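Peer 1: There's a structure below that I have some questions on.
The values are calculated or read from the model by the stated rules, or taken from the named source; none is laboratory data. As the structure is a computational prediction, the values presented were derived from the model and not from experiment. We place every Cβ from the backbone using ideal geometry, glycine too, and count neighbours over all the protein chains shown.
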Amino acid sequence: MTDISSIDFTPLRGYREVQAISRPSLSYWQDAWIRLKANKRALASLYIVMALAFFTLFGPTICTGIWCFDPALQDLDQVSKPPGTSRAALIVDDYQPWTGDRFVIDEGLRLGEPATTQAVRLQWNALPGANGHRVYRNIFPVGPELAYGIPLAEFFDNDTLFFEDRLDLRPGRYYYSVVPLGVRGELLQGYQMIEVEVLRVTTLREALERGLVEESADVKVGDQINLAWHPLGTDYLGRDMLARLMAGARVSLFIGVGAPFLFILFGVVFGSMAGFIGGRTDQLMMRFADFVVALPFLLFMILFKIAFGVGPGESGVFPMLVALVVLMWPATARLVRGQILQIREQGYISASQLLGAKTNYLILRHMIPNTLGVVLVTITFAIPNAIFIEAFLSFIGMGVAPPTPSWGSMSNEGIKTMLTTPHELIFPSLFISITVLALNLLGDGLRDALDAKMRNTE
């Protein structure tokens, strides 16, 4: 028989410590960050949103020698060009006025020197029976219909037999014609025509001023340099798409993020007060919210533009922001009120009240954290809705006015040329889609991470 002593009944020291699960104490925000990092889609969306923020704030300041564009700058010889379009130019001497003294000995209409975007210099011989000459420029060969093109100059003598064209010259092929004039200035039969290939050039001084070449670079007359690079192409007015997307991001995201933040903040405060106070006050506050919902948005947008002195053709960004804040908060207020009414009846709220918790503590510690999920979901829908409202208002001339760009107005402009130049519609639409998708995925991740019911759960 085994002997049993009192030592056998001594409690084991450290038993509780052995059985207990060792886990560091985490705050509410630390726990939320850990769960957010575990959500790969939400984390990737967060990085996309951060990249968009950097793109919006600092993108326009990034300027290189071959890409540094004003979003409103028009490059008319680069209209509706596809992505990656670049321009090469030949370095030439500074422009010197021409008096026709350097006459090329030849017959017919001819070039005094090679044609460039700086100048096209023409020479000709006096035509038989002519009392003067008229110079034309066309983009197609002159036919029997006598479609001579754009008249450039008239000379009512036979002494001036040269002409210098410097009017809106762009690289490409042109057809110049010289037509004889009669005594009364009528067109006579017999004309001369020449086909001209215009070469793009620039001067070394212009290249240095625009930062296209470094001062220390060994560049001289006769060298070729790149004038510009359009990574995302150009629009129908020759404006750089990337520069306009960067500038438009500031307008679109300012409206898309700023307006929802303000009216959701007001809706949270309004709905929390209505739900917590309850009774007749709650009913009166909700009837006021119903009244605001019934107000026509477009009418009040017009009234706000008038009130702020924004005339036709002027950007109504600030009136648009005010209209969104004033008229879009009731939906958030209703959602938050419903959540507060539900939370107010929970047992832990009653327990906190019995323990002497004050109203502000209950709202800040219990009610608002438990409504964050609903609020974040509302934000994810409110941001794209605000972006689409901005696009609609810009389309009808009530929002952003040209030349100020926005993603919405750029998409509307791209619709007009979507069959011939689809990149003008694809890029702004793609930026809107990526932004909306990233914000939705991030909102879902934040809803799960900030849900107080999921805190410290395995």
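Peer 1: Is it fair to say P405 is more than 30 Å from F304 (Cβ to Cβ), in contact with a helix residue (DSSP H, G or I) (Cβ under 9 Å, 6 or more places away or on another chain) and not charged (D, E, K, R)?
Peer 2: No, not satisfied.
Peer 1: Kindly list the number of the only condition in (1) aliphatic (A, V, I, L, M); (2) surrounded by 19 or more Cβ atoms within 10 Å (Cβ to Cβ); (3) assigned to a loop (DSSP other than H, G, I, E, B) that fails for I105.
Peer 2: Against the list (1) aliphatic (A, V, I, L, M); (2) surrounded by 19 or more Cβ atoms within 10 Å (Cβ to Cβ); (3) assigned to a loop (DSSP other than H, G, I, E, B), I105 comes up short only on (2).
Peer 1: How about segment 441-453: which of its residues are surrounded by fewer than 18 Cβ atoms within 10 Å (Cβ to Cβ) and at pLDDT 75 or above?
Peer 2: Here is the first cut: in segment 441-453, the ones surrounded by fewer than 18 Cβ atoms within 10 Å (Cβ to Cβ) are 448, 451-453.
If the condition is that a residue be surrounded by fewer than 18 Cβ atoms within 10 Å (Cβ to Cβ) and at pLDDT 75 or above, then D448 is the only one that fits.
Peer 1: Out of D101, D159, D165, which single residue is within 30 Å of L212 (Cα to Cα) and not hydroxyl-bearing (S, T, Y)?
Peer 2: D165
Peer 1: Same structure again: Right, R134: touching a strand residue (DSSP E or B) at 6+ places or on another chain (Cβ under 6 Å), more than 30 Å from D93 (Cβ to Cβ) and charged (D, E, K, R) or not?
Peer 2: Criteria met by R134.
Peer 1: Just a yes or no: is a residue in segment 236-243 in a strand (DSSP E or B) and either within 18 Å of the chain's Cα centre (by Cα) or assigned by TED's automatic domain parsing to the domain that holds G408 (or both)?
Peer 2: We begin by selecting, within segment 236-243, every residue in a strand (DSSP E or B); these are 240.
Okay, now just the ones that are also either within 18 Å of the chain's Cα centre (by Cα) or assigned by TED's automatic domain parsing to the domain that holds G408 (or both), so 240.
Yes; the residues of segment 236-243 include at least one that is in a strand (DSSP E or B) and either within 18 Å of the chain's Cα centre (by Cα) or assigned by TED's automatic domain parsing to the domain that holds G408 (or both).
Peer 1: Can I ask one more? Based on this model, can you work out whether F254 counts as over 16 Å from I432 (Cα atoms) and part of a helix (DSSP H, G or I)?
Peer 2: Numbers: over 16 Å from I432 (Cα atoms): no; part of a helix (DSSP H, G or I): yes.
In short, no.
The rows are residues; the columns are (1) over 25 Å from G278 (Cα atoms); (2) touching a Phe, Trp or Tyr at 6+ places or on another chain (Cβ under 8 Å); (3) surrounded by fewer than 22 Cβ atoms within 10 Å (Cβ to Cβ).
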{"residue": "I340", "(1), (2), (3)": "no, yes, no"}
{"residue": "A357", "(1), (2), (3)": "no, no, yes"}
{"residue": "L372", "(1), (2), (3)": "no, no, yes"}
{"residue": "V375", "(1), (2), (3)": "no, no, no"}
{"residue": "A382", "(1), (2), (3)": "yes, yes, no"}
{"residue": "F388", "(1), (2), (3)": "yes, no, yes"}
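Peer 1: Give segment 108-130 a look and list any residue that's of a type outside the set (A, V, I, L, M, F, W, C), surrounded by fewer than 18 Cβ atoms within 10 Å (Cβ to Cβ) and in contact (Cβ under 8 Å) with a residue 12 or more places away in the chain, or say none. Even if it seems obvious, please write down each step before you answer.
Peer 2: Initially, segment 108-130 is screened for residues of a type outside the set (A, V, I, L, M, F, W, C), giving 108, 110, 112-114, 116-118, 121, 123, 125, 128-129.
Applying the additional criterion that residues be surrounded by fewer than 18 Cβ atoms within 10 Å (Cβ to Cβ) yields 108, 110, 113-114, 125, 128-129.
Scanning segment 108-130 gives G108, R110, P114, N125, P128, G129.
Peer 1: Could I ask something else about it? Has segment 387-408 got any residue that is touching a Pro at 6+ places or on another chain (Cβ under 7 Å), among the aliphatic types (A, V, I, L, M), part of a helix (DSSP H, G or I) and under 19 Å from A249 (Cβ atoms)?
Peer 2: No - not one qualifying residue is present in segment 387-408.
Peer 1: Let me ask something else about it. Pull up segment 404-432, narrow it to residues that are at pLDDT 85 or above and loosely packed, with under 15 Cβ neighbours inside 10 Å, then point me to the one that is farthest from V377 (Cα to Cα).
Peer 2: That would be P422.
Peer 1: Please verify whether L335 is in a helix (DSSP H, G or I), closer than 30 Å to R365 by Cα and over 28 Å from the mean Cα position of the chain (by Cα), treating the condition exactly as stated.
Peer 2: Here the answer is yes, as L335 does meet what is asked.
Peer 1: Let me ask something else. Kindly establish whether Y148 is touching a Pro at 6+ places or on another chain (Cβ under 6 Å), of a type in the set (S, T, Y), on the phi < 0 side of the Ramachandran plot and not in a helix (DSSP H, G or I). First the steps, then the outcome.
Peer 2: Numbers: touching a Pro at 6+ places or on another chain (Cβ under 6 Å): no; of a type in the set (S, T, Y): yes; on the phi < 0 side of the Ramachandran plot: yes; not in a helix (DSSP H, G or I): yes.
Answer is no for this residue.
Peer 1: Okay, moving on. Report yes if some residue within segment 53-66 is over 20 Å from D235 (Cβ atoms), surrounded by 14 or more Cβ atoms within 10 Å (Cβ to Cβ), over 17 Å from the mean Cα position of the chain (by Cα) and at pLDDT 75 or above; otherwise report no.
Peer 2: Checked against the condition, which is being over 20 Å from D235 (Cβ atoms), surrounded by 14 or more Cβ atoms within 10 Å (Cβ to Cβ), over 17 Å from the mean Cα position of the chain (by Cα) and at pLDDT 75 or above, segment 53-66 yields no hits at all.
Peer 1: Going through L372, L354, L341 one at a time, which residue ends up being under 14 Å from L265 (Cα atoms) and either touching a residue at least 40 places away in the same chain (Cβ under 8 Å) or of a type in the set (A, V, I, L, M, F, W, C) (or both)?
Peer 2: On the way: L354 fails: under 14 Å from L265 (Cα atoms); L341 fails: under 14 Å from L265 (Cα atoms).
After ruling out the rest, the residue left standing is L372.
Peer 1: Can you find, within segment 342-355, the residue that is surrounded by the most Cβ atoms within 10 Å (Cβ to Cβ) among those that are in a helix (DSSP H, G or I) and more than 49 Å from the chain's Cα centre (by Cα)?
Peer 2: Per the criteria, the residue is S352.
Peer 1: Would you check if there is a residue in segment 431-447 being more than 30 Å from M273 (Cβ to Cβ), outside any helix (DSSP H, G or I), under 22 Å from the mean Cα position of the chain (by Cα) and not polar (S, T, N, Q)?
Peer 2: Scanning segment 431-447 turns up no residue that is more than 30 Å from M273 (Cβ to Cβ), outside any helix (DSSP H, G or I), under 22 Å from the mean Cα position of the chain (by Cα) and not polar (S, T, N, Q).
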